[in-house]
Amino acid sequence: METPDISVQDLQHASAVIEKLAANPDAFNGAYNAFIASDAAKFEAALNVVGVAEHCHIVCTFFCRKHCGGLCRKFCPNPNKGEVNAAEMLAYAQAVGPLFRDAAIVAKLLEIMQAEDINAWNEFIKRYKLEPFCYQLCSLLFSSQCRGRCQEICPAKPLITRIGSIPISQINALGYGNGPSIPPFYVAPPNPAAGYGDHPFGGAIWLMGVFNMPAAVEYLVEVSSTGPGGSYNPIIVGPQVGYDNVPPQPPPPPVPEPLTGPPWNTPRSRIQSTGADPGWFKISELTDSDGGRTTTGEKTLLMWPSPLPDGVYYLRLRVRDALMNTRVSSPQVVRLDNTGPFPLPRPIIGLQLQKPDGTRVPLKCGIVHKGDGLIVVTIQAYDPNMSQIAVTARGNSGLSVAVVDTSSVPLSKTYNGDITDQGYVVPTEFLWDPWNDPNIVSCCYLVYVEIWDRAILNNTYTGGHANVGWEAIEIGF
């Protein structure tokens with residue numbers, strides 16, 4: 001699945017949200033009036049009319065930038081039209097920097113901005129001789145005010161916090177995750193040279209999150225395969241099993257010692273809603289092992305049996321209260337890998353003898369001696385998320401020798417941080433001179449090609465998916 005440029009995608013997504021709101025003038029005007037009044041409840045209600053409440057910050061930022069841009073045109077009707085270069089920036093920094101060291105001056109400026117007092121602004125600009133930087137200073141201050149206002153109007157969203165034991169802060173824009181995991185022994189820190197890092201996810205994926213909605217009573221997790229603004233469907237799973245803690249009971253008299261034994265807990269499962277509105281879990285049915293039956297703190301949302309096809313997906317956490325008021329998290333990207341390595345059923349390795357005259361003959365359990373020629377090793381082994389490939393000749397008594405071609409390049413390799421390196425995607429030939437390797441002795445060998453991918457499977461990375469192919473040969477001196 002191709003991943004388009006993230007910045008283009010973000011802009012298209014924001015534009016689609018504003019366009020949807022603008023298609024309903026009453027909702028648009030209601031949202032704008034609530035923005036001006038800093039009324040979070042009315043702002044959310046207006047966005048709910050057209051189903052874009054989950055994009056509160058996008059709409060608020062749109063209003064705030066337009067509103068503040070208009071005010072700055074009033075505050076600074078004659079902006080400096082000179083070139084903005086290094087000299088101009090230096091002058092701006094030298095003029096404004098000393099003022100911002102004075103907390104009282106900054107507080108006064110913010111007060112003027114809040115009151116939208118043009119006269120007080122003009123007096124301030126004239127007093128400190130800031131006419132050349134009027135518009136820049138206005139934009140800076142209103143930008144700060146926008147952040148504060150939008151934080152007030154758009155309270156914290158629900159948030160998916162971990163995917164497959166990896167905190168979302170360690171998942172990049174392409175959906176790859178890096179350790180260390182939580183708990184730390186599930187996935188090690190990245191080590192690209194050794195094949196660790198830039199992990200996709202697969203298997204049953206542990207999803208955790210926070211609700212950020214004190215009145216919430218239900219939640220669901222939904223997934224899209226068509227982009228962050230695409231069509232989302234609820235993730236439907238079987239019963240989610242957890243347990244509640246039960247304090248150990250004191251021993252009855254006259255036994256003097258406390259009882260000992262395994263942890264005291266009561267297993268319990270919970271299921272989703274069905275019917276016309278499927279996929280919702282009741283928060284009141286969360287177990288202690290999920291994080292408890294409260295709306296605070298991080299919760300185990302569900303174990304997601306990740307689907308095919310492989311590629312990029314987007315997850316959202318949806319939360320609602322008893323009045324059906326709904327809040328939705330921002331999309332969280334995740335890259336899935338539940339297949340490979342390739343080709344199937346196993347990697348390909350072929351051996352041929354290249355004689356001194358250049359002719360070749362197949363080697364299938366064949367015997368070759370020094371002077372017969374060189375061995376042509378042909379390999380095809382690849383994966384879109386390749387971790388490492390190992391090519392070794394293995395003989396008796398644990399003898400294992402890395403295969404190196406005649407130009408001294410090992411056939412074994414790791415992705416080494418290059419996520420475009422899939423391995424040997426097409427059959428690739430190497431010339432091998434085993435008699436030039438001091439580790440090779442007269443022996444029967446199995447020449448192996450092994451490949452691993454980087455997928456975190458069932459929340460743990462232990463080499464991901466793996467596959468192996470081999471051919472036999474006898475080498476004599």
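For the chain, the alpha-carbon coordinates run over 97, 84, 51 Å along the three principal axes, in decreasing order.
Modelled label positions at His13 and Lys129, each set 7 Å beyond Cα in the direction of Cβ, lie 4.8 nm from each other. Here the residues Val426, Val404, ranked from fewest to most Cβ neighbours within 10 Å of their Cβ, fall in the order Val426, Val404.
I want the local charge near Met386. Using Cβ-Cβ distances under 11 Å, sum +1 for each Lys or Arg and -1 for each Asp or Glu among the other residues. Result for the local shell: -4. Summed over all non-identical Cα pairs, the Kirkwood treatment of the range 326-378 gives a radius of 15.4 Å.
By how many nm would the segment from Ile367 to Asn416 grow when fully extended, if each residue of separation counts as 0.36 nm and the alpha-carbon distance is taken off?
Extra length available between Ile367 and Asn416 comes to 14.0 nm.
Between Lys42 and Lys355, the modelled label-to-label distance comes to 9.4 nm, taking each label 7 Å out from Cα in the direction of the beta carbon. As a proxy for reagent exposure, ranking Val237, Val106, Val447 by other Cβ atoms within 10 Å from fewest up yields Val106, Val237, Val447. Computed over the chain, the per-residue total of -39500 (n - 2.57) for DSSP H runs of n ≥ 4 gives a 222 nm mean residue ellipticity of -8000 deg cm²/dmol, rounded to 500.
Taking the inverse of the mean 1/r over every pair of distinct Cα atoms in the range 348-476 gives a Kirkwood hydrodynamic radius of 15.4 Å.
Note on the range 6-153: Kirkwood hydrodynamic radius from all Cα pairs is 17.0 Å, rounded to one decimal.
Sequence-distant contacts, meaning Cα pairs under 8 Å at least 6 residues apart, place the relative contact order of the chain at 15 percent.
What pairs in Lys20/Lys282; Lys108/Lys129; Lys66/Lys129; Lys42/Lys74 have C-alpha atoms more than 19 Å from each other?
From Lys20/Lys282; Lys108/Lys129; Lys66/Lys129; Lys42/Lys74, over 19 Å: Lys20/Lys282; Lys66/Lys129; Lys42/Lys74.
Only the coordinates and a few stated rules stand behind these numbers; no lab work does. Given the structure is predicted, the values throughout are model-derived calculations rather than measurements. Please note: Cβ atoms are built from the backbone with ideal geometry, for glycine as well, and neighbour counts cover all protein chains shown.
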